[in-house]
């Protein structure tokens, strides 16, 4: 439930109530509701605020595996009506013949994944945090300091309190046996704790927008590789009789100011030239957002009494839409590790609980990061050797059932299912 000031001690404090932090808190509360573990969620942005970056105008591709996780959390029924299923994926290479197709029918499922507007996910998760009996939800509030101690983390929590017609800031001292840091890729707390990041700058930016086109998408997602990088169009539900999709258009850094200076008609002309006529002409583009693209992996993701989740642990290129899905698998694994820890009489922040969790995630994290990184390096160049390699790769995916099924399972997030 929403509170105005925190208690002095919690078993688990979650810092950040974006998609990953909110999902973890809800999942944990749902699975551990019969225990006496106390949970605090601290979020810097007021509930339902348009300033919450995790629940902005972007859309997210949820894998079939992520659907299973949301079902286990008890929220999928509320999310499903807002999602557009991905039943087929076409992967193509601009300037080269041929393409590869993935089809959910080959996996005997009704969808390979689902596309959900981030704000809809926020509209479902935020009220849960505000009303859940097992969660103390403090927002807006921020953590100004985190200090490791022998058996806990000590947090300085700053929150606003109303005093007459004005707001004053009060600071509270909170002890936590486990801090789950989920405050995003630019986490100030991660830096404060001396956790370094291994970064690769792709020298690219993603242009994100919703678009409308002439033909119905028929639940097909398109991944189009160009010399600048991948261009993805994901299906969205129709709105006001318009066929809609979510655009993720990768641009080289030097292209960004040029595109940003274009009016809508000029952007649509450039976009239609890159994407082609698969959905007829792209007729409209909504508000455009630019995001720099990089690979960032924290060199420490667990410490005594500390776990990093989501973008603060690993930020991936959006190609193949793996970032949130990888984070949700980590959420599920961490909750399971905490359940086992409680059953064994261990405290949530003990390394005997956290180290096995991290080791269980290492293969999935390494393989997913390698997949996205290699795809960018192979598919974002016009050089002959990589061009031949990607042509051979697309042919293998399209013609060899074993390769196609394996690639499809990777896209569906079913490595562990």
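The values are calculated or read from the model by the stated rules, or taken from the named source; none is laboratory data. Everything quoted here is computed from the prediction, not taken from an experiment. Neighbour counts run over all protein chains shown; Cβ positions are idealised from the backbone, glycine included.
Quick look at the numbers
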{"item": "Single match in 297, 248 (criterion: part of a strand (DSSP E or B), at pLDDT 95 or above and within 22 Å of the chain's Cα centre (by Cα))", "result": "297"}
{"item": "Test set (1) surrounded by 19 or more Cβ atoms within 10 Å (Cβ to Cβ); (2) under 30 Å from residue 282 (Cα atoms) - residue 139 fails condition number", "result": "(2)"}
{"item": "Filter pass, residue 152 being surrounded by 20 or more Cβ atoms within 10 Å (Cβ to Cβ) and either without any contact (Cβ under 8 Å) to a residue 40 or more places away in the chain or in the same structural domain as residue 307 (by TED's automatic domain parsing) (or both)", "result": "yes"}
{"item": "Among (1) in contact with a helix residue (DSSP H, G or I) (Cβ under 6 Å, 6 or more places away or on another chain); (2) not assigned by TED's automatic domain parsing to the domain that holds residue 335, the one test that residue 207 misses", "result": "(1)"}
{"item": "Residue within the stretch 273-289 that is more than 30 Å from residue 236 (Cα to Cα) and either modelled with pLDDT of 95 or more or not in a helix (DSSP H, G or I) (or both) present", "result": "no"}
{"item": "Test result for residue 346, modelled with pLDDT of 95 or more, surrounded by fewer than 20 Cβ atoms within 10 Å (Cβ to Cβ) and either in a helix (DSSP H, G or I) or out of contact with any strand residue (DSSP E or B) (no Cβ under 8 Å at 6 or more places or on another chain) (or both)", "result": "yes"}
{"item": "Wholly enclosed strands (runs of 3 or more DSSP E) of the stretch 1-111 bearing at least 3 residues under 30 Å from residue 168 (Cα atoms) and at pLDDT 95 or above", "result": "9-15, 39-42"}
{"item": "Criterion (surrounded by 20 or more Cβ atoms within 10 Å (Cβ to Cβ), under 18 Å from residue 315 (Cβ atoms) and in contact (Cβ under 8 Å) with a residue 40 or more places away in the chain) met by exactly one of 193, 112, 181, 125", "result": "181"}
{"item": "Pair list, Cβ under 6 Å, 6 or more apart: the stretch 306-329 residue outside the structural domain of residue 247 (by TED's automatic domain parsing) and on the phi > 0 side of the Ramachandran plot, other residue assigned to a loop (DSSP other than H, G, I, E, B) and at pLDDT 95 or above", "result": "310/182"}
{"item": "Sole residue being modelled with pLDDT under 95 and crowded, with 20+ Cβ neighbours inside 10 Å, chosen from 321, 310", "result": "321"}
{"item": "Single unsatisfied condition, residue 380 versus (1) within 23 Å of residue 229 (Cβ to Cβ); (2) in contact with a helix residue (DSSP H, G or I) (Cβ under 7 Å, 6 or more places away or on another chain); (3) crowded, with 18+ Cβ neighbours inside 10 Å; (4) at pLDDT 50 or above", "result": "(2)"}
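Conditions (1) over 30 Å from residue 36 (Cβ atoms); (2) out of contact with any helix residue (DSSP H, G or I) (no Cβ under 7 Å at 6 or more places or on another chain), marked per residue:
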| site | (1), (2) |
| --- | --- |
| 251 | yes, no |
| 260 | yes, yes |
| 285 | yes, no |
| 289 | yes, yes |
| 309 | no, no |
| 324 | yes, no |
| 330 | no, no |
| 333 | no, no |
| 338 | no, no |
